[in-house]
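Participant: Please read through the structure below; I'll follow up with questions.
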Amino acid sequence: AVVLDADERLVYANGEFFAFTGLHPKQVLGQTIGRIVGEQAYAAYGPVRERLRAGRTVSWEGWITLAGRGRRFMREHLIPTPNGTIVISLDWTSLKQREAELSAKVEELEATEALKSSIVDHALAALVSTDAQGFIVEFNPAAEAMFGLARAAVVGRPVSAVIVPERHRAAHNAGMRR
């Protein structure tokens with residue numbers, strides 16, 4: 001959190017601000033916020049300053065390029081006071097980067113799953129896949145035709161109960177336990 005006076009000079013900043021910027025209080029206290037954040041970021045705050053001058057609290061989040069810190073995703077609440085502005089900032093850059101990475105991984109997984117489904121669904125051979133406990137996780141259309149069972153009716157059931165003949169189930173189950 002920081003406090004700016006009516007001339008947009010930094011009059012107070014908490015320890016988190018100094019840790020985030022890597023600056024020492026002697027470097028920034030009394031300096032204008034434009035000098036601290038850089039011309040590009042200061043210009044981007046133009047609409048925010050107009051709303052503050054009108055006495056309105058402003059909340060926003062988004063990407064901004066800060067001097068000395070580069071491109072950051074910030075969430076801020078700016079509160080006008082009779083003598084200046086209180087600014088509460090949260091740096092969510094790491095969170096947004098992780099979200100983007102996760103989104104890319106999900107897209108990659110969906111593409112891989114679509115390819116696998118395409119191969120399995122169009123295979124001429126009956127494909128039945130189970131998990132480590134022997135429960136059916138995949139049952140393609142050729143398997144439906146071969147066994148006369150719908151995929152929805154067998155997925156999640158033990159393979160031994162679905163396609164292993166009764167006379168072989170005990171041996172099959174013993175083999176699965178090994």
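Participant: Treat every Asp and Glu Cβ in the stretch 46-141 as -1 and every Lys and Arg Cβ as +1, leave all other atoms uncharged, and give the resulting dipole magnitude about the Cα centre to the nearest 20 debye.
Facilitator: That gives a dipole near 1020 debye.
Participant: Here's something else I'd like to know. Let me spell out the model: positive unit charges on the Cβ of Lys and Arg, negative unit charges on the Cβ of Asp and Glu, origin at the Cα centre of the stretch 1-81. What dipole size does that give, in debye rounded to 20?
Facilitator: 120 debye
Participant: If you take the square roots of the eigenvalues of the alpha-carbon gyration tensor of the stretch 1-139 and sort them as a ≥ b ≥ c, do you get rounded (a/c under 1.5), prolate (a/b over b/c) or oblate?
Facilitator: Verdict is prolate for the stretch 1-139.
Participant: Along the charge dipole of the chain, pointing to its positive end and built from +1/-1 on Cβ of Lys, Arg, Asp and Glu, which listed residue (SER59, ALA114, MET146) has its Cα farthest out?
Facilitator: Farthest towards the positive pole: SER59.
Participant: Now for a different question. Expressed in nm², what is the orientationally averaged projection area of the convex hull enclosing the Cα positions of the stretch 31-110?
Facilitator: 6.3 nm²
Participant: Can you pull out the trypsin sites (Lys or Arg not before Pro) in the stretch 31-87 whose DSSP state is coil and whose Cβ has at most 13 other Cβ atoms within 10 Å?
Facilitator: ARG56
Participant: How much of the accessible area of the chain, in percent, comes from carbon and sulfur atoms when a 1.4 Å probe is used?
Facilitator: On the chain, the fraction of accessible area on carbon and sulfur atoms equals 56 percent.
Participant: Could you report the chain's accessible area per residue, 1.4 Å probe, as an integer in Å²?
Facilitator: 65 Å²
Participant: Starting from 0.36 nm per residue, how many nanometres of slack lie between ARG71 and ALA125 once their C-alpha separation is accounted for?
Facilitator: Gain on stretching ARG71 to ALA125: 14.2 nm.
Participant: What does the charge dipole of the chain about its Cα centre add up to, to the nearest 20 debye, if the Cβ of each Lys and Arg holds +1 and the Cβ of each Asp and Glu holds -1?
Facilitator: Roughly 340 debye for the chain.
Participant: Along the charge dipole of the stretch 10-127, pointing to its positive end and built from +1/-1 on Cβ of Lys, Arg, Asp and Glu, which listed residue (VAL28, TYR45, ASN14) has its Cα farthest out?
Facilitator: Farthest towards the positive pole: VAL28.
Participant: Here is a follow-up. Please work out the FRET efficiency for the pair ASN83 and ARG35, using the Cβ-Cβ distance as r and a Förster radius of 30 Å; give the result to the nearest 0.05.
Facilitator: In this case the efficiency is close to 0.90.
The values are calculated or read from the model by the stated rules, or taken from the named source; none is laboratory data. The structure displayed is predicted, hence computed values, not measured ones. Glycine gets a Cβ as well: all are built from the backbone with ideal geometry, and neighbour counts include every protein chain shown. Surface areas here come from the heavy atoms of the whole protein model, side chains and all, with no ligands, DNA or RNA. Shrake-Rupley method; radii C 1.70, N 1.55, O 1.52, S 1.80 Å.
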